[in-house]
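The values are calculated or read from the model by the stated rules, or taken from the named source; none is laboratory data. Quick caveat: nothing in here was measured; it's all calculated off a predicted structure. Ideal geometry is used to build each Cβ from the backbone, glycine not excepted, and the neighbour counts take in all protein chains shown. Quick note on the areas: whole protein, heavy atoms, side chains included, nothing else; ligands and nucleic acids left out. Shrake-Rupley method; radii C 1.70, N 1.55, O 1.52, S 1.80 Å.
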Amino acid sequence: MKIICIGRNYVAHAKELKSEVPDEPVFFMKPDSALLRNNAPFYIPDWSNDLHHEIELVIKISRIGKNIEKKFAHRYFDEIGLGIDFTARDIQYKLIEKGLPWEKSKAFDQSAVISNTFINKTDLNDLQSIPFKLNKNGETVQNGNSNLMIFGIEEIISYISKYLTLKIGDLIYTGTPAGVGPVTIGDHLEGFMDDKKLLDFMIK
Ligand code: MG
(Lines give C-alpha, C1' and ligand atoms only; values in the text may rest on other atoms or scores of the structure.)
Protein backbone atom coordinates (compact mmCIF):
# COMPACT_ATOMS: atom_id res chain seq x y z
CA MET A 1 0.00 0.00 0.00
CA LYS A 2 1.01 3.60 -0.37
CA ILE A 3 0.33 6.81 1.51
CA ILE A 4 -0.41 9.95 -0.45
CA CYS A 5 -0.63 13.29 1.32
CA ILE A 6 -2.17 16.51 0.06
CA GLY A 7 -0.36 19.71 0.99
CA ARG A 8 -1.80 23.22 1.39
CA ASN A 9 -5.45 22.20 1.10
CA TYR A 10 -6.80 24.80 3.55
CA VAL A 11 -6.41 28.52 2.86
CA ALA A 12 -5.79 29.47 6.50
CA HIS A 13 -3.05 26.84 6.84
CA ALA A 14 -1.32 27.89 3.59
CA LYS A 15 -1.33 31.44 4.93
CA GLU A 16 0.06 30.51 8.35
CA LEU A 17 3.04 28.88 6.59
CA LYS A 18 3.27 31.88 4.23
CA SER A 19 2.77 29.47 1.31
CA GLU A 20 0.90 30.27 -1.88
CA VAL A 21 -2.65 28.95 -2.18
CA PRO A 22 -2.25 26.35 -4.96
CA ASP A 23 -4.38 26.32 -8.11
CA GLU A 24 -4.14 22.52 -8.37
CA PRO A 25 -3.63 19.90 -5.64
CA VAL A 26 -0.10 19.46 -4.25
CA PHE A 27 0.75 15.92 -3.24
CA PHE A 28 3.67 13.99 -1.81
CA MET A 29 4.11 10.47 -0.43
CA LYS A 30 5.14 8.58 2.67
CA PRO A 31 6.28 4.93 2.75
CA ASP A 32 4.32 2.29 4.68
CA SER A 33 7.16 2.26 7.24
CA ALA A 34 5.90 5.70 8.35
CA LEU A 35 2.67 4.33 9.80
CA LEU A 36 2.05 4.61 13.55
CA ARG A 37 -1.01 2.64 14.65
CA ASN A 38 -2.82 1.52 17.81
CA ASN A 39 -2.41 4.90 19.57
CA ALA A 40 1.23 3.97 20.19
CA PRO A 41 3.43 6.77 21.54
CA PHE A 42 5.24 9.03 19.08
CA TYR A 43 8.97 9.44 19.77
CA ILE A 44 10.37 12.81 18.69
CA PRO A 45 13.39 12.13 16.47
CA ASP A 46 16.63 13.58 17.81
CA TRP A 47 17.42 15.35 14.51
CA SER A 48 14.54 17.85 14.64
CA ASN A 49 13.89 20.74 17.01
CA ASP A 50 10.54 21.73 15.52
CA LEU A 51 8.33 18.68 15.09
CA HIS A 52 4.79 19.77 14.10
CA HIS A 53 1.41 18.05 14.34
CA GLU A 54 -0.92 18.22 11.31
CA ILE A 55 -4.32 16.62 11.95
CA GLU A 56 -5.97 15.37 8.73
CA LEU A 57 -8.95 13.40 7.46
CA VAL A 58 -7.72 10.20 5.79
CA ILE A 59 -9.48 8.40 2.94
CA LYS A 60 -9.01 4.63 2.58
CA ILE A 61 -9.19 3.52 -1.04
CA SER A 62 -11.51 0.50 -1.49
CA ARG A 63 -11.18 -0.19 -5.20
CA ILE A 64 -8.40 -0.13 -7.78
CA GLY A 65 -8.61 2.85 -10.11
CA LYS A 66 -6.80 4.95 -12.68
CA ASN A 67 -7.98 8.14 -14.40
CA ILE A 68 -11.04 8.25 -12.16
CA GLU A 69 -13.58 10.87 -13.15
CA LYS A 70 -14.60 13.17 -10.32
CA LYS A 71 -18.25 12.14 -10.64
CA PHE A 72 -17.28 8.48 -10.02
CA ALA A 73 -14.71 9.12 -7.28
CA HIS A 74 -17.23 8.34 -4.51
CA ARG A 75 -17.16 4.70 -5.64
CA TYR A 76 -13.49 4.35 -4.72
CA PHE A 77 -13.74 4.80 -0.94
CA ASP A 78 -16.04 3.60 1.83
CA GLU A 79 -14.34 4.80 4.99
CA ILE A 80 -12.69 7.88 6.43
CA GLY A 81 -10.24 7.86 9.32
CA LEU A 82 -8.16 10.40 11.17
CA GLY A 83 -4.41 10.81 10.97
CA ILE A 84 -1.52 13.08 11.80
CA ASP A 85 1.02 14.06 9.16
CA PHE A 86 3.95 14.68 11.51
CA THR A 87 6.35 17.15 9.93
CA ALA A 88 9.87 18.18 10.90
CA ARG A 89 9.23 21.82 10.06
CA ASP A 90 12.82 22.96 10.59
CA ILE A 91 14.11 20.33 8.17
CA GLN A 92 11.27 20.98 5.70
CA TYR A 93 12.09 24.71 5.49
CA LYS A 94 15.76 23.92 4.82
CA LEU A 95 14.77 21.52 2.02
CA ILE A 96 12.30 23.99 0.49
CA GLU A 97 14.94 26.72 0.57
CA LYS A 98 17.29 24.52 -1.45
CA GLY A 99 14.53 23.27 -3.77
CA LEU A 100 15.04 19.70 -2.54
CA PRO A 101 12.39 16.96 -2.03
CA TRP A 102 10.54 16.96 1.32
CA GLU A 103 10.90 13.27 2.22
CA LYS A 104 13.39 13.69 5.05
CA SER A 105 10.95 16.01 6.83
CA LYS A 106 7.75 14.15 6.00
CA ALA A 107 8.35 10.44 5.34
CA PHE A 108 10.36 9.36 8.40
CA ASP A 109 9.36 6.47 10.69
CA GLN A 110 6.18 7.16 12.73
CA SER A 111 5.36 10.28 10.70
CA ALA A 112 1.98 8.91 9.55
CA VAL A 113 -0.23 8.42 12.59
CA ILE A 114 -3.44 6.59 11.64
CA SER A 115 -6.58 5.82 13.64
CA ASN A 116 -7.52 2.18 14.17
CA THR A 117 -11.16 3.08 13.66
CA PHE A 118 -12.41 4.35 10.34
CA ILE A 119 -15.94 5.72 9.97
CA ASN A 120 -18.08 4.37 7.16
CA LYS A 121 -19.11 7.23 4.90
CA THR A 122 -22.75 6.17 5.23
CA ASP A 123 -22.47 6.96 8.98
CA LEU A 124 -21.44 10.54 8.29
CA ASN A 125 -24.17 13.12 7.77
CA ASP A 126 -22.50 15.05 5.00
CA LEU A 127 -19.12 14.26 3.42
CA GLN A 128 -18.81 17.88 2.36
CA SER A 129 -18.98 18.96 6.00
CA ILE A 130 -17.05 16.63 8.32
CA PRO A 131 -15.87 18.36 11.50
CA PHE A 132 -12.59 17.22 13.07
CA LYS A 133 -10.15 18.57 15.63
CA LEU A 134 -6.95 17.96 17.54
CA ASN A 135 -6.57 18.54 21.26
CA LYS A 136 -3.14 18.99 22.83
CA ASN A 137 -3.12 18.52 26.60
CA GLY A 138 -6.90 18.99 26.67
CA GLU A 139 -6.95 22.20 24.65
CA THR A 140 -8.15 22.38 21.03
CA VAL A 141 -5.23 23.46 18.82
CA GLN A 142 -6.61 22.58 15.37
CA ASN A 143 -10.25 22.78 14.40
CA GLY A 144 -11.12 21.71 10.86
CA ASN A 145 -13.99 20.88 8.60
CA SER A 146 -13.94 19.23 5.19
CA ASN A 147 -16.05 22.15 3.92
CA LEU A 148 -12.91 24.31 4.20
CA MET A 149 -10.84 22.16 1.84
CA ILE A 150 -9.66 23.93 -1.29
CA PHE A 151 -9.88 20.62 -3.21
CA GLY A 152 -12.63 18.26 -2.03
CA ILE A 153 -12.29 14.52 -1.49
CA GLU A 154 -13.63 13.56 -4.93
CA GLU A 155 -11.47 16.09 -6.72
CA ILE A 156 -8.38 14.80 -4.86
CA ILE A 157 -9.07 11.17 -5.81
CA SER A 158 -9.62 12.13 -9.44
CA TYR A 159 -6.49 14.28 -9.56
CA ILE A 160 -4.13 11.76 -7.94
CA SER A 161 -5.43 8.93 -10.14
CA LYS A 162 -4.33 10.80 -13.25
CA TYR A 163 -0.74 10.17 -12.13
CA LEU A 164 -0.84 7.12 -9.82
CA THR A 165 -2.94 3.97 -9.94
CA LEU A 166 -4.90 3.86 -6.69
CA LYS A 167 -5.04 0.45 -5.05
CA ILE A 168 -7.16 -1.09 -2.30
CA GLY A 169 -5.86 -0.02 1.11
CA ASP A 170 -4.02 3.07 -0.10
CA LEU A 171 -4.42 6.01 2.28
CA ILE A 172 -4.89 9.62 1.24
CA TYR A 173 -4.16 12.28 3.89
CA THR A 174 -6.26 15.21 2.75
CA GLY A 175 -4.37 18.17 4.21
CA THR A 176 -4.37 20.01 7.50
CA PRO A 177 -6.34 23.02 8.70
CA ALA A 178 -4.70 25.98 10.44
CA GLY A 179 -3.22 25.68 13.90
CA VAL A 180 -0.20 23.46 13.25
CA GLY A 181 2.44 23.69 15.93
CA PRO A 182 5.22 21.89 17.75
CA VAL A 183 4.91 18.88 20.04
CA THR A 184 7.14 18.32 23.04
CA ILE A 185 7.88 15.34 25.24
CA GLY A 186 4.96 14.64 27.58
CA ASP A 187 2.26 16.14 25.33
CA HIS A 188 -1.03 14.25 25.15
CA LEU A 189 -2.75 14.36 21.74
CA GLU A 190 -6.40 13.46 21.09
CA GLY A 191 -8.05 13.56 17.67
CA PHE A 192 -11.80 13.72 17.06
CA MET A 193 -13.93 13.29 13.97
CA ASP A 194 -17.61 14.17 14.21
CA ASP A 195 -17.15 14.14 18.04
CA LYS A 196 -15.85 10.55 18.04
CA LYS A 197 -12.42 10.23 19.62
CA LEU A 198 -10.26 8.29 17.14
CA LEU A 199 -6.76 9.22 18.30
CA ASP A 200 -5.40 9.28 21.85
CA PHE A 201 -1.64 8.99 22.37
CA MET A 202 1.42 10.45 24.02
CA ILE A 203 4.52 12.23 22.74
CA LYS A 204 7.75 10.74 24.12
MG1 MG B 1 -0.12 17.67 5.92
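Computed over the Cα atoms of segment 151-201, the ratio of the radius of gyration to the Kirkwood radius (Rg/Rh) comes to 1.08. Taking 25 Å as the limit for the C-alpha separation, the pairs Lys30/Lys167; Lys70/Lys133; Lys18/Lys133; Lys15/Lys70; Lys15/Lys167 exceed it in the case of Lys70/Lys133; Lys15/Lys70; Lys15/Lys167.
Just the number, please: carbon plus sulfur as a percent of the accessible area of the chain, 1.4 Å probe, no ligands or DNA/RNA counted. Roughly 49 percent of what the probe reaches on the chain is carbon or sulfur.
About its Cα centre, the dipole of segment 90-166 is roughly 200 debye, where the only charges are +1 on Lys and Arg Cβ and -1 on Asp and Glu Cβ. With contacts taken as Cα pairs under 8 Å and at least 6 residues apart, segment 132-204 reaches a relative contact order of 38 percent.
Rolling a 1.4 Å probe over the protein heavy atoms gives the chain an accessible area of 47 Å² per residue. Rounded to the nearest 20 debye, the dipole size of the chain about its Cα centre is 500 debye, using +1 on the Cβ of Lys and Arg and -1 on the Cβ of Asp and Glu. For segment 3-202, dividing the convex hull volume of the Cα atoms by the residue count gives 109 Å³ per residue. Comparing mean-square fluctuations of Ser111, Ser33, Ser158 from a GNM of the chain with C-alpha springs under 10 Å, the top value falls on Ser33. Look at the dipole of the chain built from charges on Cβ: of Asn67, Leu127, Ile153, the Cα furthest out on the positive end belongs to Asn67.
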